[in-house]
1. Leaving ligands and nucleic acids out of the surface, order MET271, MET39 by accessible area at 1.4 Å, largest first.
2. Kindly report, to the nearest 10 Å², the accessible surface of VAL239 as traced by a 1.4 Å probe over protein heavy atoms only.
3. Could you put THR4, THR371, THR178 in order of accessible surface area, largest first, with the 1.4 Å probe and the full protein assembly present?
4. Determine which residues of the range 72-89 fall in the zone a paramagnetic label at PHE31 would reach in this model, i.e. backbone nitrogen under 20 Å from the point 7 Å along Cα→Cβ.
5. Heavy atoms of the protein only, probe of 1.4 Å, neighbouring chains included. What is the accessible area of ASP121 in Å², nearest 10?
6. Just want to confirm a number: the relative contact order over the chain, from Cα pairs under 8 angstrom separated by 6+ residues, in percent.
7. HN-Hα J couplings of the range 353-359 from phi, Karplus 6.51/-1.76/1.60, θ = phi - 60°, integer Hz, Gly and Pro as x?
8. With Cβ to Cβ distances under 11 Å as the rule, what net charge do the other residues near LYS318 carry (K, R +1; D, E -1)?
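The values are calculated or read from the model by the stated rules, or taken from the named source; none is laboratory data. This structure is a prediction, so every number in the text was calculated from the model and none was measured. Cβ placement follows ideal geometry from the backbone for every residue including glycine, while neighbour counts extend to all protein chains displayed. Protein only, heavy atoms only, side chains kept; ligands, DNA and RNA dropped before computing areas. Shrake-Rupley method; radii C 1.70, N 1.55, O 1.52, S 1.80 Å.
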Amino acid sequence: MNKTTRWILIVSSFAIVVSILFNTYIFFQKFKEEERTKMKIWAEAQAEFLQTTDLDRDLGDLTFEVLKTNNSTPMIYLGIDGELRVNNIPEKRANDSVYLRKKIRQYAQENAPIEVSYKNDLYGTLYYGNSEVLNNLKYYPVALVLIIVLFAAVVYFFYRTSKISEQNKLWAGMAKETAHQIGTPISSLIGWNEILKSEGQVNPEITYEIEKDISRLETITDRFSKIGSVPALERKNLVNETRTTLDYLGARTSKQVQIDYDSDKEEYYSMINSQLYSWTIENLVKNAIDAMKGKGELAVSISGDEKFVRINITDNGKGIPKNYYTRIFEPGFTTKKRGWGLGLSLVKRIIEDYHDGKVKVLQSAIDKGTTMQIILKTAQ
């Protein structure tokens, strides 16, 4: 749907809504005028009834019929002698003078009172309110607007969900294609490394480190290939899993970054996917190093109880403003000059969608540092 078509639909919908509301208002006013005409006729019949009674003359059947026709509009007749007569008002309230006086004031605001008179002789005043049908009609435009708003919201969220779904499929496809493309050079690297080892002229420590990097590339490839698929979870010791990732990162991080690791126990088990969990720790550690501009102290600690394991990653970098605490996890949001802003959104998806855990900014202070926290369920 192009932009012009969307605007045509929006303008057309707005015009239809305005037309419906305007016609409803016109109908409401006509219906209200008809009720007033009916009340005027009733007042005239009442005046004729009163003067006829006074003169002790016969009263025609038509007058009685008019007086009996009103069975929907609530009304109160107040005679000049203070007499009160009511119609279409609950029986329990019909004799409550305080309630009736209150209703008289209410009806006077809803509709102008009608004098009950006959040939300049005033008998009283008729006060009447809106009928139940009129009251329901009064709220019809509000209900209509709410329905239209809800319908528009449903359409908007359906459109947004469809768009996000398409984007997710695109990203998943790109990730899988990337994994496929990386596979070929990895195979070549494995072959070249085996040749270097067989020649015996290269320091074994070098080929060993190359093997570790190749293994890391294979892990990354596997990560990308699993995007869009539900990962398999296994019961793993988070202490060992975290230490393994930190050891690899520590050997390839600037010596100006000091990484401290601590756990109050040697074993904390949880149901995780090792590769995705490692990816999460890697992303959070790299973000922390970026926040410190490649220089500073980074502390990773693990603690827990019978229900949850908590992994805290603390840096002494630039900090995060409080209004960014949730926004940093949105896809595309970044404060860096370079990057797509996908790292933390992937972290959130991995931990919360795949591992049923929680990731959040535990605390942060500008120019002092930030603590990110991962919470996972304990697996006994």
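1. Values: MET271 85, MET39 0 Å².
Highest to lowest solvent-accessible surface, that is MET271, MET39.
2. My reading of the accessible area for VAL239 is about 0 Å².
3. Numbers: THR4 95, THR371 10, THR178 55 Å².
These residues rank, largest area first, as THR4, THR178, THR371.
4. Output list for this probe position: 72-75, 88-89.
5. 80 Å²
6. Numbers: 475 pairs, mean separation 37.8, N = 380.
In percent, rounded to a whole number, it is 10.
7. So the J values, rounded to whole Hz, are 7, 8, 10, 6, x, 8, 10.
8. Working: positive: LYS293, LYS368; negative: ASP290, ASP315, ASP367.
Within the 11 Å Cβ shell, the charges total -1.
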